[in-house]
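Input: a single structure, listed below in structure tokens.
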Amino acid sequence: MKKYLLPLGGLLLAVAAIWWFMQPAETEDAAVLLAPVRQGEFLMNVIATGELQAKRSEKITGPSGMRTNQIYQTSITDLVPEGTMVEEGDYVATLDKTELDTKIKEILNEMDKINTKLEAAKIDTAIEMRGLRDQVINMDFGMREKRLEVEQSAYEAPMVIQRAEIELERSQRDLDQLKTKYALSQEKAETQINEILADLRSQQIKLTRLQDLAKEFVVKAPKDGMVIYARNWDGKVKAGSQLRAWDPVVAELPDLSEMISKTYVNEVDISRVRKGQEVKMKVDAFPDNEYSGAVLQVANIGEQLRNYDSKVFEVIIKLNQNDSILRPAMTTSNEIITDVLEDKLFIPLEALYKDSITFVYKQENGRPVKQEVITSWTNENEVVIAQGLAAGDQVYLTAPANYDELELQPLAEGIRIKTESDLLTEKEERREIANQKEASLVAEEPVETGGGSDGGFMIMF
């Protein structure tokens, strides 16, 4: 009998062990679901990703005379790699000269036509003038004959003499008319040739201008520095990009002694961002480094950009430090401190619940209680509690198992009204303080960010 009981006992022990380990753990994890109500300094912030740029930069531009020569765009056929260190006069880029070469060929063809026309005009003029000169010479000989006839008729009858004199006068008049025609023809020929020469000079000026422009299609650095690609509405300017006559910027030579971060803030948060606010900044390339900065400019016109669901406003942040490892186009994480509230109670946002009222689940005597609260300010992770909790209270980060059985612990109506009134007053006071602080700031020079932003800047004094 014992030999059967022993295996059976072992089987029961195994089943009991399995049942024990499969029970839901009322583990120490329960403590993880609770968070204390903290009291102290509360930072209100706006988080925005940005990109480093130099505050000042020298633009490397293509030819400035393209529009004058009716060339409205071209493409970049070659461009040195971004980050290349160049000295003044060094090669930077080559632009496509196809349209320019076509215009030069057209002008050369036009000049050939004008030269042909000029030679033809010279030949025609020479032939015409030679014919007129021959006529003048022949008529001059005829005049001599008429004079001789008049002299020989001196002893003839008066009628014969009169006829000879009339013939002489007629010949003289014809000769004078022919000489006048010769002079006018010569003047006309000179005018025609001068017009052709003027056309030729005009084409020569255009040709010289285009030939000078062609030299600018090889872009050189205006000074020493690091080449950073320019930006337009289509992104970075690179080999193959179109260069337009009204904005012929190929690249930039940034002044790395002063850096800014160009970022965009959504339309929901932009009202909280003001010039002069402190900024904590990190650079993705150097995550262990933290930099301080301040809001320098805030756009007053929103814009719709790619990869954004709503309109955004451009914000320029100035770095307070100069670090040689920082380079343009590095990605930054910017925490804009919009306000600092002293001596506030706050809890994690996960602990807050809303339906028709705002409430939390707090622990009281080891058990959950559904407590109404009044909130005020929030940041990315936490919310300020104006009424309903005390410092050190424990709140649940997830709803307790019996949450639907808990009755709400409401705030007294008088307390609710007074708290909401006090909050309204405090917000107005803080807004006024922010306005005064902003008005006291000295305006700084506007920052040229390039790239294609259409948002205007709100420079606050």
### Query
Can you spot a residue in the stretch 82-98 that is farther than 23 Å from Ile205 by Cα and touching a Pro at 6+ places or on another chain (Cβ under 7 Å)?
yes
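Return the residues of the stretch 102-129 that are under 30 Å from Thr68 (Cα atoms) and free of Cβ contacts under 8 Å to residues at least 40 places away in the same chain; say none if nothing qualifies.
Start the filter on the stretch 102-129 by keeping residues that are under 30 Å from Thr68 (Cα atoms), which leaves 102-118.
Across the stretch 102-129, the qualifying residues are Thr102, Lys105, Glu106, Asn109, Asp112, Lys113, Thr116.
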### Query
Among the residues of the stretch 403-417 satisfying the criterion of being free of Cβ contacts under 8 Å to residues at least 24 places away in the same chain and outside any loop (DSSP other than H, G, I, E, B), which is farthest from the chain's Cα centre (by Cα)?
Glu405
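Can Met139 be described as assigned to a helix (DSSP H, G or I), touching a helix residue (DSSP H, G or I) at 6+ places or on another chain (Cβ under 8 Å) and free of Cβ contacts under 8 Å to residues at least 60 places away in the same chain?
Details: assigned to a helix (DSSP H, G or I): yes; touching a helix residue (DSSP H, G or I) at 6+ places or on another chain (Cβ under 8 Å): yes; free of Cβ contacts under 8 Å to residues at least 60 places away in the same chain: yes.
Here the answer is yes, as Met139 does meet what is asked.
Conditions tested, residue by residue: (1) among the charged types (D, E, K, R); (2) within 30 Å of Ser64 (Cβ to Cβ); (3) at pLDDT below 90.
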| site | (1), (2), (3) |
| --- | --- |
| Ala154 | no, no, yes |
| Ala157 | no, no, yes |
| Gln162 | no, no, yes |
| Arg173 | yes, no, yes |
| Lys179 | yes, no, yes |
| Glu187 | yes, no, yes |
| Thr191 | no, no, yes |
| Ala198 | no, yes, no |
| Gln203 | no, yes, no |
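Out of all the residues in the stretch 392-407, which are surrounded by 12 or more Cβ atoms within 10 Å (Cβ to Cβ) and not polar (S, T, N, Q)?
Within the stretch 392-407, the subset surrounded by 12 or more Cβ atoms within 10 Å (Cβ to Cβ) is 393-400, 403, 406.
Selection gives Asp393, Val395, Tyr396, Leu397, Ala399, Pro400, Tyr403, Leu406.
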### Query
What residue, among those in the stretch 139-179 that are loosely packed, with under 12 Cβ neighbours inside 10 Å and under 30 Å from Ala121 (Cβ atoms), is farthest from the chain's Cα centre (by Cα)?
Asp176
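Based on this model, can you work out whether Leu132 counts as in a helix (DSSP H, G or I) and either in contact (Cβ under 8 Å) with a residue 24 or more places away in the chain or within 60 Å of the chain's Cα centre (by Cα) (or both)? Outline the logic, then answer.
Details: in a helix (DSSP H, G or I): yes; either in contact (Cβ under 8 Å) with a residue 24 or more places away in the chain or within 60 Å of the chain's Cα centre (by Cα) (or both): yes.
Taking the combined requirement at face value, the residue satisfies it.
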### Message
I'd like the full set of residues that are in a strand (DSSP E or B), more than 27 Å from Leu253 (Cβ to Cβ) and not aromatic (Phe, Trp, Tyr), limited to the stretch 37-90.
### Response
Arg38, Gln39, Gly40, Glu41, Leu43, Met44, Asn45, Val46, Ile47, Ala48
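The values are calculated or read from the model by the stated rules, or taken from the named source; none is laboratory data. Small disclaimer: the values here were computed from a predicted structure and weren't measured. FYI the Cβ positions are ideal-geometry reconstructions off the backbone, even for glycines, and counts take in every protein chain you see.
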